[in-house]
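Here's the structure, in structure tokens; my notes come after.
Just so you know, all these numbers are worked out from the coordinates, no wet-lab data involved. Quick caveat: nothing in here was measured; it's all calculated off a predicted structure. All Cβ positions, even for glycine, are placed from backbone atoms using ideal geometry, and neighbour counts span all protein chains on display.
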Amino acid sequence: MSGARDRHDRLFKRTFNDVKNLEVELRAVLPSRLVQRLDFSTLRREPVDFQVPGMSPIQGDLLVSAQLEEQQVFFWILTEHQSTVDELMPLRFYGYCYAAWSEVVTNRRSQKLPLLPLPIIIPVLVHHSETGWTAARTFQDLFDKRLIAYPEVARYLPSFEFILDDLSQLSSEEILARARQQTEAAAALVLLALRFGRDRQEFYGQLARLSEFILLVLSTPAGVDAFRSVLDYLDKPKREDHIQVLDELRRAMGPASPEARKAVMSIAEELRIEGRVEGRVEGRVEGRVEGERLLLRRLLTLKFGPLPQTVSAVLDVATEQQLDTWAEPVLTAASLEEVLA
């Protein structure tokens, strides 16, 4: 699970560390009145270099800020891509926000600045899983509903909810509609990969069906980089499958898109070259190991006579390190058992 999570986090952060790509996401999920009032030209990343007590280190998150009514507002963007839904997500967000506010207070105090007002922090969850999001979105939903129905009780609880972008429920058309212009196509492609990349073949089918959009993506250097990142992201990628899809896309584009066709051909050729290089390296390594295997077998036979079937079977599956280890005592060992010990 941790390997898959790291893979998701790398793709998300690699893409949305670019605030221009992140703007595409925020415009899609924030309330429209808030979008109208935000100054996206001031959008910038903020450091997340503090530890939240009692929680795992922050890795896949992004903390960004922008100006709203001349005040700095923060957005805590968390990606969640577990196969199960985290029912304590509001509590996690509460812990992250508290840690961020504490960091702000510490910094202001050290600079002898006014401690208040604290900055607004708006939590945003980008989620994709097989089930979709099925758990609480508000902090009060974590408590007994019978008790918080009393105003005398509810007033003592924090009251907030996080914005949910549940990619699991979106169609490819809904995701691609977020790209209002050509420069935003790369961000939409990555969201498409997060949505459908769990099943590599399903994602390939989406690409083949959306050749016009892929053409748009590959028309910019950022889009080409995003396309390469998506190919690297896919679970258990097979180079031959990538090349086949790229060839199909190239044919689907036709002669009217020379730049996009050229980009597709370039990526496919790079993959073919990588495959040939890896094949030659693997072949050289395999040949060297087989040579060591034959040499050790011959030395053992010369010293101890015909080898038992059990020993031959062991040699047939031995690693290079094992062969090196066994070769050292051949000249001094008094028995096969001593060599293989």
Restricting to the stretch 2-169, what percent of DSSP beta bridges are antiparallel, rounded to 5? 50
Please give the peptides 19-27, 309-317 ranked by average Cβ packing (other Cβ atoms within 10 Å per residue), highest first, as a rough proxy for protection. 19-27, 309-317
